[in-house]
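Take a look at the structure set out below.
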Amino acid sequence: MVGADERAEVRRVWRDLGLPGLVDVHTHFMPDNVLSKVWAYFDALGDGVWPITYRFDQDERLDVLRGFGVRYFTALSYPHRPDMARWLNSWAASFTEGNPDCLRSATFYPEPDAKDYVAEAIDSGTRVFKAHLQVGAYDPRDPLLTDVWGTLADAGTPVVVHCGSGPMPGDFTGPGPFSEVLRAHPRLTAVVAHAGAPEYTAFLDLVERYERVHLDTTMAFTPYIERMSPFPRAELPRLRDLGHRVLLGTDFPNIPYAYLEQIRALVDLDLGSAWLRGVLHDNAVGLFGL
Ligand SMILES: [Zn+2]
């Protein structure tokens with residue numbers, strides 16, 4: 001169970017800012033058997049390395065998130081092999097039917113029918129996509145994805161892309177491969193997960209260069225990540241100035257610390273209440289037209 005104290009503390013932060021709540025663009029809901037594999041992966045890292053704080057059944061996880069005052073969230077999932085994305089996408093569609101405060105979410109993999117199911121997903125109301133280059137272990141420049149990025153760019157549908165090399169690097173993570181995707185599709189509405197950790201500077205460069213590129217805050221700035229990959233203090237002015245393109249993300253429920261720590265980490269950056277209002281709520285409201 002989540003303590004009443006944590007809930008009250010999170011709610012106090014947004015209430016003091018005059019906000020009606022939070023919008024969290026990076027949360028994970030997925031079929032139970034997939035989520036238990038994700039948890040098993042984190043468990044296998046070793047005792048106490050990555051303890052899942054919110055290891056509850058789905059109804060309780062939803063209660064906890066709503067209890068924090070999260071008004072809208074996502075159900076991000078991601079395939080690690082072909083022939084999986086369509087199934088994940090239909091699960092996510094029915095999840096949103098039962099939970100209208102979840103922005104309908106979808107994903108894809110480099111496979112021949114990706115361009116078709118991505119177009120279908122957009123036509124039937126998908127609001128956000130997820131691409132995970134480390135777990136998926138694919139090259140975002142794969143020709144099978146050219147039409148996918150193009151379709152997303154044309155539709156203006158945001159795609160949350162895990163393209164930084166943290167917490168775990170992959171063959172295609174880092175700013176190199178994904179910046180080539182942006183060069184080919186400069187109007188893509190991309191949300192770089194984890195603020196691009198640990199390559200914060202290179203991904204801030206992309207946010208500066210492309211007006212539809214955003215960052216999500218997922219895990220970034222928390223003591224857990226700061227120990228491994230500290231955000232360079234010299235970049236704080238840029239993070240402040242580009243604040244209109246920074247969005248709250250958390251990785252709930254798969255985080256090795258309390259949700260409150262993410263919120264506190266953002267408050268402690270001390271970038272001003274206007275910055276916080278944008279990041280915790282208003283920027284996502286604008287981006288998703290909520
Ligand atoms: Zn995530």
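Every number in this text was worked out from the coordinates using simple rules, so none of it is lab data. Treat the numbers as computed from the prediction; the structure is a model and nothing was measured. For neighbour counting, all protein chains shown are included, and Cβ atoms are generated from backbone atoms with ideal geometry for every residue, glycine included.
Helical content alone sets the calculated 222 nm signal of the chain at -12500 deg cm²/dmol, taking -39,500 (n - 2.57) per DSSP H segment of four or more residues and averaging over every residue.
Computed from backbone phi, the HN-Hα couplings of segment 94-99 come to 6, 4, 5, 4, x, 9 Hz, rounded to whole numbers (Karplus: 6.51 cos²θ - 1.76 cosθ + 1.60, θ = phi - 60°; Gly and Pro given as x).
Entry note, segment 4-288: relative contact order of 20 percent, from Cα contacts under 8 Å with a spacing of 6+ residues. The gain in end-to-end length when the VAL267 to VAL285 segment is fully stretched comes to 4.5 nm, 0.36 nm per residue minus the alpha carbon separation. Full extension of the segment from ALA4 to ARG238, taken as 0.36 nm per residue of separation minus the current Cα-Cα distance, would add 80.7 nm. Amide H contacts of VAL70: LEU22, each under 5 Å away and 5 or more positions distant or on a separate chain (H built 1.01 Å from N in the peptide plane; Pro and chain starts excluded). Hull volume per residue, based on the alpha-carbon atoms of the chain and their convex hull, is 117 Å³. When the Gaussian network model of the chain links Cα atoms closer than 10 Å, the mean-square fluctuations of LEU239, LEU19, LEU182 top out at LEU19. From least to most packed, judged by other beta carbons within 10 angstrom and beginning with the fewest, MET84, MET219, MET30 follow the order MET84, MET30, MET219. Principal axis analysis of the Cα atoms in segment 3-68 yields extents of 41, 25, 20 Å, listed in decreasing size. Over all distinct Cα-Cα pairs of segment 133-290, the Kirkwood formula returns a hydrodynamic radius of 15.8 Å. Each principal axis of the Cα cloud of segment 60-214 was evaluated for its coordinate range; sorted largest first, these ranges are 39, 35, 27 Å. Charging the Cβ of each Asp and Glu at -1 and of each Lys and Arg at +1, and nothing else, the dipole of segment 106-154 about its Cα centre rounds to 260 debye.
Give me the dipole magnitude in Debye, nearest 20, for segment 4-288 about the Cα centre, with unit charges on the beta carbon: positive for Lys and Arg, negative for Asp and Glu. The calculated dipole for segment 4-288 is roughly 540 debye.
Label zone of PHE42 (point 7 Å out along Cα→Cβ, amide N under 18 Å): in segment 218-254 this covers 218-229, 249-254. Karplus-derived 3J(HN,Hα) values for segment 145-160, using 6.51 cos²θ - 1.76 cosθ + 1.60 with θ = phi - 60°, are 9, 4, 6, 5, 4, x, 5, 5, 5, 5, 6, x, 7, x, 10, 7 Hz; glycine and proline are entered as x. Between LEU215 and VAL192, VAL246, LEU247, the built amide H atoms are under 5 Å apart, and every one of these is 5 or more places off in sequence or on another chain. Note that segment 21-29 has calculated 3J(HN,Hα) couplings of x, 10, 10, 10, 7, 9, 10, 10, 10 Hz, one per residue in order, obtained from phi through the Karplus relation 6.51 cos²θ - 1.76 cosθ + 1.60 (θ = phi - 60°); glycine and proline are x. Each label point was placed 7 Å from the Cα along the Cα-to-Cβ direction; for GLU208 and SER124 their separation is 4.3 nm.
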